[in-house]
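Here the structure comes first, spelled out in structure tokens, and everything after it is commentary.
The values are calculated or read from the model by the stated rules, or taken from the named source; none is laboratory data. Nothing here was measured: the structure is a model prediction, and the numbers come from that model. All Cβ positions, even for glycine, are placed from backbone atoms using ideal geometry, and neighbour counts span all protein chains on display. Side chains included, ligands, DNA and RNA excluded: accessible areas come from the protein's heavy atoms. Shrake-Rupley method; radii C 1.70, N 1.55, O 1.52, S 1.80 Å.
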Amino acid sequence: MQRSALIRGAVSAAVLAAVLHVGARRTGPLPPLGDFLDPLRGVWAVAGSAELAEREAVSLPGLEAPVEVIFDDRGVPHIFASTAEDAARALGHVVARDRLFQMEFRWRTAAGRMTELVGEDALDFDRYVRGLGLAWSAEREFAALDPNSPAAREIAAYAEGVNAWIDGLSPQDVPLEYRLLGARPSRWEPVYSVYLLKLMGWDLTYAVTTDLRRLRLQALVGKEAAAALAPVNSPIQQPIQPNGERRPRFDFAPIPPPGEPDRVAMRRADALQAALGPLVDSRAPEAEPATFGSNNWAVAPERTAGGQALLAGDPHLALTLPAIWYEVHLVIPGELDVYGVTIPSVPYVVIGFNRDVAWSFTNTGADVIDYYEEELDDSQQPSRHRVDDQWRPLEARVEEYRGHGGRLLATDTLRFTHRGPLITHHDRSLSMRWTVLEGAGETIGLRRAARARSVEEWLAAMEVYTAPAQNMILADRTGTIAIRSTGSFPLHPDGSGLEVRDGRMSASDWAGFWPVARYPFAIAPQQGYLASANQQPIDPRDDPTYLGADWPSPWRAIRINALLMADSTVTPDAMRRYQTEPGNARADLFLPFFLDAVRRQAAGEGSEGPAREAAELLAAWDRRYTKDNERAVLFEYAMSELANRTWDELLGSAEEGGRARRVYTPSSAVLASLIHQPESVWWDDRRTGDVVEDRDAILLASLEAALERVQDRYGEPDGGGWRWDKIRHANIYHLLELPALSALGLPVQGGPGNLNPSSGRGAYGASWRMVVELGPQVSAWSIYPGGQSGHPLSSRYVDRIDKWVAGELDPVLFPRAPSDLDDSRVASVLELEPER
């Protein structure tokens, strides 16, 4: 289950009550109505704090020397400080001013303390999150950090800056969301910065039902067929680490027919589901899950028009208002000059550039979680678990859940083995080992990387980085480009991470981690460019060691590699265009099979039916997902029908009063393999009685059904209802899902498999786009969906969305000193002075 969906479910009821209930008495999270509507202190008062003052001076406790903060006309603060700790204090102060509610909402999400903010409706969610161990892990990691280390001092200084803003809040400065919930901002603790890093790890690496779905698949069709339908290695190889092949390699192999049901796998799946209990996403995977993803690429000087290295960053995450990122420039003369985006809550630039190096990330998607079935000394109140015939102690942690006003709602006792959290449900006990809970080097790595002077220095700085594993792309002013998949990659004892392990044996534990020297990696490649799009990082022919499974189909990787290979004079503007380029490798592969099936039918028995009409409509399509195209919708419906009709063997038992759902949906890369096997038994739709279908029959039936569905929903082909911008949209929801504070129904260019993927609810997309040219003077362009301010009435709340939708980027201002900023580009000046 996607984390954003869980959060939405947790708070929606509470927020609805807060917004819709009318009365003078507190009910749940609603503030008394008289206070809420008070013209001086109520909701109307927030309008007075929506905009930045032209010039302002503030005393900041703990500050060692004056700090000048200049906000440019895009709302970006350029922070000029004398020390790293002062820069962190200033950053905490300005981020809190712009994003205070977001900061509190997200640390409470990671800590499982939402009930204190939104009420008892969030109790199940809080229990879920605390059971994952995020706060437990963050607190251990923070406690282990040397308090005198630069990272610890800067995290503490950041907290001082946040609390200085909170302490100085006037009634009109309290963000609207607190007023809606009848709450007040809480003080900021330094450990919350680590909470937020854990939250990102959760969002990027936690897939609790993957193993369960694979077991359900094996139970249904047998081990051999399941291994082919859910392969460890992608059947289409265009890896991140170049393999010497300029084009994708199709490792298609015959897919074995469905086998007999695997009773052992079925029992194991039932046991795993019982143990995981509320952690399981019960929604069936009706479509390929990996319909969104991130991209990054770099081009060496010999393939650019300007003879300078170019880098593009394009991480895709949940779309929210306020945005996930906050854009900032930090300057400490002689020590630091870094620009980019930070997560509101941490004192470091995560993605960006300095005067010498630029970098960006995509998610690696490695398998970094294992489950262990544990034997406990007591099923009700365990204190020990057995390993190698010896009892080991469990760590116990009492969790209290409180609501408004500190009212105690519930108490739990969580337990942890040496591996991690213990999950007990229906008398089944599993422990979970997860690299995100063992991270320790993220803050240190990010701090060092911002000061690197070359690709090599940057890579060395990030060797301490553990989780979430990322594909880190780099370029520097000398023209060097590089990429490395970086993080803790477990060495599983049996060479696979696909099994629930026997926790009674220490031999089941990880044998360690991949050494840095073995990470998927490339530097100064002969081809002159590098790219990642969440595809399998390394060709299994180069290194067959298990890194993960269920890799996203590499359509985006295929497309960007094709674009970069075809262009030997890449410009910064070309890099920008590629980020929303509408070409689609998935459509390029599948559409000809649909059209050829109709041609073969016409050459044989002839055809004048709906399949031929659909084929004629699609034949005129250029396979580009532009906003004004009127055929992509038909192709997408045809692909949906193709999956539904092909994978009928994967339907589980019908739910009571409902329809049967697939236990697993193979990737479109696996479907591409099958489509090259026209006589495979998988093409036969077993629901059609005595008819035995082949590939062409299913393709034709899919076209017919798709045309009927599209016409029923959107009208005739030339009626204007098939335009892509009327069908697929981005939806950027406010954190509390309030429509009036959200940006909904935004038409975007792109679709499933595109570099700018758009699918489903439209709640995921490009969270930050950046292009950097590393010449004698570094030039950069950027955008993200939203604005710098979290204040809904601010001109900086959604001011970037129109350009984001259009695929445009803003030129970035990157001054070395305050005097380098032209007065016409300065929106506000904040002078921070040491407290006297």
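Here are a few things to note about the model shown:
- Taking segment 48-105 as the region of interest, the strands (runs of 3 or more DSSP E) fully inside it that hold 3 or more residues being open to solvent by less than 10 Å² (accessible area, probe 1.4 Å) and not aromatic (Phe, Trp, Tyr) are 67-72, 77-80.
- Once segment 326-349 is narrowed to residues that are open to solvent by 10 Å² or more (accessible area, probe 1.4 Å) and out of contact with any helix residue (DSSP H, G or I) (no Cβ under 6 Å at 6 or more places or on another chain), the residue that is farthest from residue 160 (Cα to Cα) is 334.
- When residues of segment 728-744 are limited to those that are open to solvent by 20 Å² or more (accessible area, probe 1.4 Å) and either assigned to a strand (DSSP E or B) or among the charged types (D, E, K, R) (or both), the one nearest to residue 625 (Cα to Cα): 728
- Residue 443 in contact with a Ser or Thr (Cβ under 8 Å, 6 or more places away or on another chain), in a loop (DSSP other than H, G, I, E, B) and not small (Gly, Ala, Ser): no
- Annotation: residue 551 fulfils all but one of (1) open to solvent by less than 30 Å² (accessible area, probe 1.4 Å); (2) outside any loop (DSSP other than H, G, I, E, B); (3) not basic (Lys, Arg); the unmet one is (2).
- First in segment 566-581 and closer than 12 Å to residue 303 by Cβ and polar (S, T, N, Q), second anywhere and surrounded by 14 or more Cβ atoms within 10 Å (Cβ to Cβ) and modelled with pLDDT of 95 or more, Cβ under 6 Å, 6 or more apart: 568/303; 569/305; 571/305
- In the set 159, 152, 207, 219, only one residue is within 15 Å of residue 344 (Cα to Cα) and touching an Asp or Glu at 6+ places or on another chain (Cβ under 9 Å); that residue is 159.
- Against the criterion of being touching a residue at least 40 places away in the same chain (Cβ under 8 Å), out of contact with any Gly (no Cβ under 6 Å at 6 or more places or on another chain) and either surrounded by fewer than 18 Cβ atoms within 10 Å (Cβ to Cβ) or farther than 24 Å from residue 227 by Cα (or both), residue 668 does not qualify.
- Residue under evaluation residue 201, criteria (1) part of a helix (DSSP H, G or I); (2) in contact with a Phe, Trp or Tyr (Cβ under 9 Å, 6 or more places away or on another chain); (3) at pLDDT 95 or above; (4) crowded, with 23+ Cβ neighbours inside 10 Å, criterion not met: (3)
- Selection count where residues are under 27 Å from residue 211 (Cα atoms) and either assigned to a loop (DSSP other than H, G, I, E, B) or acidic (Asp, Glu) (or both), scope segment 226-246: 10
- Out of 799, 725, sole residue that is charged (D, E, K, R) and part of a helix (DSSP H, G or I): 725
- Top-ranked residue of segment 664-718 - restricted to ones that are β-branched (Val, Ile, Thr) and in a helix (DSSP H, G or I), ranked as farthest from residue 555 (Cα to Cα): 688
- Selection status of residue 413, of a type in the set (Ser, Thr, Tyr), at pLDDT 95 or above and not in a loop (DSSP other than H, G, I, E, B): yes
- Scan of segment 120-144 for residues that are of a type in the set (Lys, Arg) and in contact (Cβ under 8 Å) with a residue 12 or more places away in the chain, ordered by number: 127, 130
- Just so you know, in segment 471-501 the residues that are at pLDDT below 95 and either open to solvent by less than 30 Å² (accessible area, probe 1.4 Å) or within 21 Å of the chain's Cα centre (by Cα) (or both) include one that is farthest from residue 300 (Cα to Cα), and it is 501.
- Residues in segment 167-178 that are open to solvent by 20 Å² or more (accessible area, probe 1.4 Å) and either assigned to a helix (DSSP H, G or I) or closer than 28 Å to residue 467 by Cβ (or both): 167, 171, 172, 173, 176.
- Leading residue by the ranking (surrounded by the most Cβ atoms within 10 Å (Cβ to Cβ)) among those in segment 502-519 that are out of contact with any Asp or Glu (no Cβ under 8 Å at 6 or more places or on another chain) and over 30 Å from residue 391 (Cβ atoms): 519
- Filter result for residue 673 (at pLDDT 95 or above, touching a strand residue (DSSP E or B) at 6+ places or on another chain (Cβ under 9 Å) and either open to solvent by less than 40 Å² (accessible area, probe 1.4 Å) or not small (Gly, Ala, Ser) (or both)): yes
- Exclusive hit being assigned to a helix (DSSP H, G or I) and more than 24 Å from residue 181 (Cα to Cα), set 122, 157: 157
- Restricting attention to segment 696-716, the residues that are surrounded by fewer than 19 Cβ atoms within 10 Å (Cβ to Cβ) and in contact with a Gly (Cβ under 6 Å, 6 or more places away or on another chain) add up to 1.
- Annotation: residue 776 fulfils all but one of (1) under 22 Å from the mean Cα position of the chain (by Cα); (2) open to solvent by 40 Å² or more (accessible area, probe 1.4 Å); (3) not small (Gly, Ala, Ser); the unmet one is (1).
- Looking at 751, 719, just one residue is open to solvent by less than 10 Å² (accessible area, probe 1.4 Å), within 28 Å of residue 610 (Cα to Cα) and not aromatic (Phe, Trp, Tyr), and that residue is 751.
- Top-ranked residue in segment 779-835 [being of a type in the set (Ser, Thr, Tyr) and surrounded by 14 or more Cβ atoms within 10 Å (Cβ to Cβ); ranked as farthest from residue 735 (Cα to Cα)]: 779
- First in segment 371-394 and polar (S, T, N, Q), second anywhere and in a loop (DSSP other than H, G, I, E, B) and open to solvent by less than 50 Å² (accessible area, probe 1.4 Å), Cβ under 7 Å, 6 or more apart: 383/394
- Look at (1) touching a residue at least 40 places away in the same chain (Cβ under 8 Å); (2) surrounded by 21 or more Cβ atoms within 10 Å (Cβ to Cβ); (3) closer than 29 Å to residue 155 by Cβ and you find that residue 463 fails only one, number (2).
- Of all residues making up segment 529-545, the number that are surrounded by fewer than 20 Cβ atoms within 10 Å (Cβ to Cβ) and either closer than 21 Å to residue 673 by Cβ or of a type outside the set (Val, Ile, Thr) (or both): 5
- Of the residues making up segment 566-617, those that are at negative phi and either open to solvent by 50 Å² or more (accessible area, probe 1.4 Å) or not hydrophobic (A, V, I, L, M, F, W, C) (or both) number 33.
- Count - residues of segment 448-460 that are open to solvent by less than 40 Å² (accessible area, probe 1.4 Å) and in a helix (DSSP H, G or I): 4
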